[in-house]
Amino acid sequence: MEESVAEQAVPSPPPVETRTLTQHVRGHISLTRLQGLAGTLAALVSIGGAFGYIIPTPTKPDRGEVLAIVHERSGRPVSDATVEVLTLHDLLVTTLPPAAGVGAARAAPIKEGTYRLRVLHPHFVTESRQIYVLAGQTAEIRMRLTPKPAPPPPPVVAKPPSGPFDGLKKLFQ
């Protein structure tokens, strides 16, 4: 009898469950819970999409800057040169205001693309160059201007004879 009392006092360990994770999840999730979870996720995505229209998101810039540095052949800056940004069809986009005494001019941001940069000055030969402006970057262009050649001397004009015999007189002189 003592043995039977001792056997009854010590409970036997419960059997160990050997269920996989998917079996465990299937046991605790019902169709109703799954529908509730899907509805909650759909509501969060919908609210997030609405905030996307209300709150501006940072966008990639579509404009870049142009910095033109103009010098003489000797290296001295040309501060009063006119710098123009043109399209490839020679339409004026902008004129760059010169920086005082530096020989540099900076354009307001312009759209990314291919342009033509033209530098004009009354004492120098006009220079032109094709440039490409990248979005979010500054295109730095250095131009060296060549002085205009001196104008040729005026042609010598022969004096017409003033009298009927002046031509004969010059012939015999």
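The values are calculated or read from the model by the stated rules, or taken from the named source; none is laboratory data. Being a predicted model, the structure only gives us computed values, none of them experimental. FYI the Cβ positions are ideal-geometry reconstructions off the backbone, even for glycines, and counts take in every protein chain you see.
Restricting attention to the range 64-112, and to residues there that are hydroxyl-bearing (Ser, Thr, Tyr) and at pLDDT 85 or above, which single residue is farthest from the chain's Cα centre (by Cα)? It comes out as SER74. Every test in (1) farther than 30 Å from GLU84 by Cα; (2) at pLDDT 70 or above is passed by GLU3 save one, and that test is (2). PRO61: within 29 Å of the chain's Cα centre (by Cα), more than 22 Å from ALA107 (Cα to Cα) and in a loop (DSSP other than H, G, I, E, B), yes or no? For PRO61, the condition - within 29 Å of the chain's Cα centre (by Cα), more than 22 Å from ALA107 (Cα to Cα) and in a loop (DSSP other than H, G, I, E, B) - is not met.
Of all residues in the range 56-82, those that are more than 16 Å from THR138 (Cα to Cα) and without any contact (Cβ under 8 Å) to a residue 60 or more places away in the chain have Cβ atoms under 8 Å from Cβ atoms of residues that are among the small types (Gly, Ala, Ser) and part of a loop (DSSP other than H, G, I, E, B), 6 or more apart or on another chain, in ARG76/GLY103; PRO77/GLY101; PRO77/GLY103; SER79/ALA99; SER79/ALA100; SER79/GLY101; SER79/GLY103. For the range 104-120, the set of residues classified as buried (at least 16 other Cβ atoms within 10 Å of the Cβ), in contact with a Ser or Thr (Cβ under 8 Å, 6 or more places away or on another chain) and of a type outside the set (D, E, K, R) consists of ALA107, ILE110, TYR115, LEU117, VAL119, listed by residue number.
Could you list all residues from the range 86-114 that are in contact (Cβ under 8 Å) with a residue 40 or more places away in the chain and in a strand (DSSP E or B)?
The first filter runs over the range 86-114 and keeps only residues in contact (Cβ under 8 Å) with a residue 40 or more places away in the chain, leaving 88, 106-112.
Residues satisfying the conditions are ARG106, ILE110, LYS111.
Condition test on LEU117, is it in a strand (DSSP E or B), touching a residue at least 60 places away in the same chain (Cβ under 8 Å) and within 14 Å of THR138 (Cβ to Cβ)? In short, no.
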